[in-house]
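Computed from the coordinates by the stated procedures, all read-outs in this text should not be read as laboratory data. Keep in mind it's a predicted model, so treat the numbers as computed, not measured. Neighbour counts run over all protein chains shown; Cβ positions are idealised from the backbone, glycine included.
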């Protein structure tokens, strides 16, 4: 572990920059070509810990933050692609810590505001993601808090060994467990 104040973004996040859409080379639309992804990839944090993300709201139309769901050993989240849904924090739902800053994604807000800091927290835990995240998994999938419950390890179940067509998987070395992640989409 490092002192959080001495870690740069480049040491923390992997970046996949947005690209022009090429309809001849889309792979089921994953990843979305017009979106930049910031990924906290291989990170290990203990259950009971807290992951904090803070920074400036992006100058963009889209800024959700998602984490792998809490570990519960029932629902699958396979190869970081399919299975149970990630736990999301919608950009417009991020609550400001004080009135000195602006959330530019709130209806009527100044989209060009200069004071646009945010801070969100993820409690790393086990259990049912729907129960732990209150209304975050129920329609309209919104919750008025900057805290979500998630994990940085996931259960892949038997699909961690084989594809849906029962062919061996290159990542099968991971077996039924895999790293979780945090995504910021811009």
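Where in segment 41-74 is the amide nitrogen less than 20 Å from a point lying 7 Å along the Cα-to-Cβ axis of residue 32? Residues 41, 56-69 qualify, since their backbone N sits under 20 Å from the label point. Footprinting exposure proxy ranking of 44, 39, fewest other C-beta atoms within 10 angstrom first, gives 44, 39. Computed over the Cα atoms of segment 99-138, pair by distinct pair, the Kirkwood hydrodynamic radius stands at 12.8 angstrom. In terms of other Cβ atoms within 10 Å, 145, 84, 154 run from fewest to most in the order 145, 84, 154. Look at 186, 21, 94 and count the other Cβ atoms within 10 Å of each Cβ; fewest to most, that gives 21, 186, 94.
Once R0 is set to 22 Å, what does the formula 1/(1 + (r/R0)^6) return for the Cβ-Cβ distance between residue 114 and residue 62, expressed as a FRET efficiency to the nearest 0.05?
That pair, residue 114 with residue 62, gives E of 0.60.
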